[in-house]
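J.: What follows is a structure written as structure tokens; I'll ask about it next.
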Amino acid sequence: RQEQFRALRDVEPVTKDGHRIKLQMNAGLLVDLPQLSDSGADGIGLFRTELQFMISSTMPKGEEQESFYRSVLKQAAGRPVTFRTLDIGGDKVVSYFRSQEEENPALGWRAIRLSLDRPGLLRTQLRALLKAASGAELKMMLPMVTEVAEIRAVRELMQKEVQHLSKFGHQLPKKLQFGAMLEVPSLMWQLDELMEEVDFVSVGSNDLFQFSMAVDRGNARVADRFDVLGRPFLRILRDIVRASERNNTPVTLCGEMASKPLSAMALLGIGFRSISMSPTSIGPVKAMLLGLDVSQLSDVLTAALDDNTPGVSVREILVRFAAEN
Ligand code: PEP
Ligand code: MG
């Protein structure tokens, strides 16, 4: 099987009915980078910058962050990399950055909340990213956004860093793409404002599922209780795609769902045309989509999501579709 997937590396990911799907990979360390050309991914759709912090015993200094990002971009050799700003907290523990004990760390002081409360830390990271991408394109996105105002606050800090760097004669990135992750359900009722505010949106389906279904992603006892392919969650995802089409804002999805051929298939059926996954999934997902008629699946899924017939799960419908096609 591995050999078979390897042979697909240079095959363009186009569905049977002609849709070009962007397949990107998730990464977080330099050791991940060779997988970019090995897998044939279109780029890195999620670069988890907290990994550098998690494997270090002390806080990485600005220069260390900058040289790390520079190496990542160099090794990516022109393929786009989407850097996510620090996503510390919750299930991502950084020993030297211990806050007080929290009763609900997943709902606590984490990610962009922590970054906005420690603007020095965030500005250091923004500066490192801007410098590392000087003369090139910088794509970055913010984790765990709850309100659109948080994005504006980061943009202001970013503007300050840009001004500071140009004042001191640094070359800036030639293009800046600024995005947000959609992982907190409150954004579902700010979709149009969100899409207007950013250049792109990336759905973090791991956290969006955790928060919308009230299911701890790390708790095996409840983790499998509800299905990502169930009607409620797929309807949420469909609303996101509709908002992205309405606003002409590119949307992608970078959670675990994208890594499994069956759920990746469902995402394409709902309307996603860009997904980011673990590098080893690129082959299997590409193999799936080469034989897929998306418009046919879309009809089947639309009917399945609008229909509430008890007893038939959407997963069963998808499994049947996959077997017959
Ligand atoms: C997610 O939540 O789906 C996501 C991609 O981010 P992480 O898994 O790093 O929280
Ligand atoms: Mg997340």
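Read-outs: derived from the displayed coordinates by stated rules, not from any lab. Computed from a prediction, not measured in an experiment: that's the story for all the values here. Neighbour counts run over all protein chains shown; Cβ positions are idealised from the backbone, glycine included.
J.: Placing +1 at every Lys and Arg Cβ and -1 at every Asp and Glu Cβ, with all other atoms neutral, what dipole size does the chain have around its Cα centre, in debye to the nearest 20?
T.: Dipole size: approximately 860 debye.
J.: Restricting to Cα pairs below 8 Å that are 6+ residues apart, what does the relative contact order work out to for the chain? Please round to a whole percent.
T.: 20 percent
J.: Which one of Met188, Ser166, Ala220 has its Cα pushed farthest toward the positive end of the charge dipole of the chain, where Lys and Arg give +1 and Asp and Glu give -1 at the Cβ?
T.: The Cα lying farthest towards the positive end belongs to Ser166.
J.: Please identify, among Phe209, Phe68, Phe97, the residue showing maximal mean-square fluctuation in a Gaussian network model of the chain using a 10 angstrom Cα cutoff.
T.: Comparing Phe209, Phe68, Phe97 in the GNM, the peak value goes to Phe97.
J.: Pick from Ala41, Ala111, Ala149: which is most flexible by mean-square fluctuation in a GNM of the chain where alpha carbon atoms under 10 Å apart are linked?
T.: Of Ala41, Ala111, Ala149, the Gaussian network model singles out Ala149 as fluctuating most.
J.: To continue, here is another question. Which peptide among 305-311, 232-238, 153-159 comes first, and what is the full order, when sorted by highest mean count of other Cβ atoms within 10 Å?
T.: Averaged packing, sorted descending, gives the order 232-238, 153-159, 305-311.
J.: Suppose a student asked you for the relative contact order of segment 15-148, using Cα pairs under 8 Å spaced at least 6 residues apart; what percent would you report?
T.: Relative contact order of segment 15-148: 26 percent.
J.: Could you check the spin-label model distance between Glu193 and Lys175? Points 7 Å from the Cα along Cα→Cβ, value in nm.
T.: Taking the simple label geometry, Glu193 and Lys175 are separated by 2.9 nm.
J.: May I ask for the angle, rounded to the nearest 10°, between helix 119-132 and the longest principal axis of the chain, with both axes built from Cα atoms and the value confined to 0 to 90°?
T.: That works out to roughly 80 degrees.
J.: May I pose another question? Taking θ as phi - 60°, what are the ³J(HN,Hα) couplings along segment 106-114 by the Karplus curve (6.51, -1.76, 1.60), each to the nearest whole Hz, with x for Gly and Pro?
T.: In residue order, the calculated couplings are 5, 9, x, 7, 8, 6, 5, 5, 5 Hz.
J.: Where the centre of each part is set by its Cα atoms, how far does segment 34-104 sit from segment 248-290, in angstrom?
T.: The distance from the Cα centre of segment 34-104 to that of segment 248-290 comes to 22 Å.
J.: Which net charge results when you count Lys and Arg as +1 and Asp and Glu as -1 among the other residues whose beta-carbon is under 13 Å from that of Glu245? Could you put the intermediate results ahead of the total?
T.: Details: positive: Arg238, Arg242, Arg246, Arg273; negative: Asp192, Asp239.
It works out to a net charge of +2.
J.: What angle do you read, to the nearest 10 degrees and between 0 and 90, between the alpha-carbon axis of helix 314-324 and the longest principal axis of the chain?
T.: That works out to roughly 70 degrees.
J.: Provide the per-residue ³J(HN,Hα) series for segment 32-37, in order, calculated from phi with Karplus coefficients 6.51, -1.76, 1.60 and θ = phi - 60°, each as a whole number of Hz, with x at glycine and proline positions.
T.: Along segment 32-37, the couplings run 6, 4, x, 5, 4, 7 Hz.
J.: Mind pulling the angle between the C-alpha long axis of helix 62-76 and the longest principal axis of the chain? Nearest 10 degrees, somewhere in 0 to 90.
T.: In the chain, helix 62-76 runs at an angle near 40 degrees to the longest axis.
J.: A further question on this structure: With both partners inside the chain, how many of the DSSP beta bridges are antiparallel, as a percent to the nearest 5?
T.: Of those bridges, close to 5 percent are antiparallel.
J.: Also, quick follow-up: Tally Lys/Arg at +1 and Asp/Glu at -1 over every other residue whose Cβ is under 10 Å from the Cβ of Ala132; what's the total?
T.: Value of the local net charge: +3.
J.: Still on this structure, please answer the following. Excluding Ser276 itself, what net charge comes from residues whose Cβ is under 10 Å from its Cβ, given Lys and Arg +1 and Asp and Glu -1?
T.: Value of the local net charge: 0.
J.: So, one more: So what is the diffusion coefficient of the chain in µm² per second by Stokes-Einstein at 20 °C and 1.002 mPa s, using a Kirkwood Rh over Cα pairs?
T.: Working: Rh = 20.5 Å.
It diffuses with D of about 104 µm²/s by this estimate.
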